[in-house]
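Engineer: After the structure tokens below, expect a handful of questions from me.
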Amino acid sequence: MARAKRQIAKRAAAREERGGDRTVATNRRVRREYEFLETFEAGIVLLGSEVKSLRGGKAQLNEAYARVDDGEIWLFQMHIPPWQFATGFGAHDPDRKRKLLLHRAQIDELVGKTQQQSLTLIPVSLYFRDGKAKVQLALAKGRRLYDKRNLLKARDAEQEAARATKEIGRWMG
């Protein structure tokens, strides 16, 4: 009994050290192509084999997007591969639409903003918080080509300035 308690305490300490959150998938390309106006954290309705597959660190958000249908938010084209041990009845469709869980006021706000302006809902990351799968959604506006170029120029200038200060610090100290 004492050994089991030590193991539980050890796992809890490791979880605290990690911060409790474990990122499964991120959509890095979306930060270049869209300008984020607001972000939301939403729960996601999953099947058992999907959770097992996510805990294994397997998911893809590259082509995923969210949309409001009949007062509910759905996540489309997120790929969660089938869990290797789930067969027959326990298996799931990897590209099915998944329901997202938000408060009614947040859903109404998103409906208003996406219909009035040309804004889209994009999943930025998928992670576990306190044992529950969560999706970070961004209300975003698409960047044009010249906006992307300006962003790249600013980032290159910032990196060059950081290199220069590092070189000066190396010679001075």
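Engineer: Report the chymotrypsin sites (Phe, Trp or Tyr not before Pro) located in the stretch 82-173 that are in a DSSP loop and have at most 16 other Cβ atoms inside 10 Å of their Cβ, or state none.
Structural biologist: Qualifying residues, ordered by number: PHE85.
Engineer: Accessible area per residue for the chain in Å², computed with a 1.4 Å probe and the full protein assembly in place, what is it?
Structural biologist: Per residue, the chain has an accessible area of 69 Å².
Engineer: Distance cut-off 26 Å, Cα to Cα: go down the list LYS10/LYS52; LYS58/LYS134; LYS97/LYS148; LYS5/LYS134; LYS113/LYS153 and report the pairs above it.
Structural biologist: The answer is LYS97/LYS148; LYS5/LYS134; LYS113/LYS153.
Engineer: Turning to a different aspect of this structure: What does the highest-first list of 147-157, 100-110, 41-51 look like by mean Cβ count within 10 Å?
Structural biologist: 41-51, 100-110, 147-157
Engineer: Right, another one. Between LEU101 and ARG3, what is 0.36 nm times their sequence separation minus the Cα-Cα distance? Round to one decimal in nm.
Structural biologist: This chain segment gains 31.4 nm when fully extended.
Engineer: Can you give the local net charge around ASN150? Use residues other than it whose beta-carbon is closer than 13 angstrom to its beta-carbon, Lys and Arg +1, Asp and Glu -1.
Structural biologist: +3
Engineer: Calculate the translational D of the stretch 35-166 in whole µm² s⁻¹ from Stokes-Einstein, where the hydrodynamic radius comes from the Kirkwood formula applied to all Cα pairs, the temperature is 37 °C and the viscosity 0.692 mPa s.
Structural biologist: 195
The values are calculated or read from the model by the stated rules, or taken from the named source; none is laboratory data. The shown structure was predicted, so the numbers you read here are calculated from the model rather than taken from an experiment. Reconstructed Cβ throughout: ideal geometry from the backbone, glycine too, with neighbour counts over all protein chains shown. Protein only, heavy atoms only, side chains kept; ligands, DNA and RNA dropped before computing areas. Shrake-Rupley method; radii C 1.70, N 1.55, O 1.52, S 1.80 Å.
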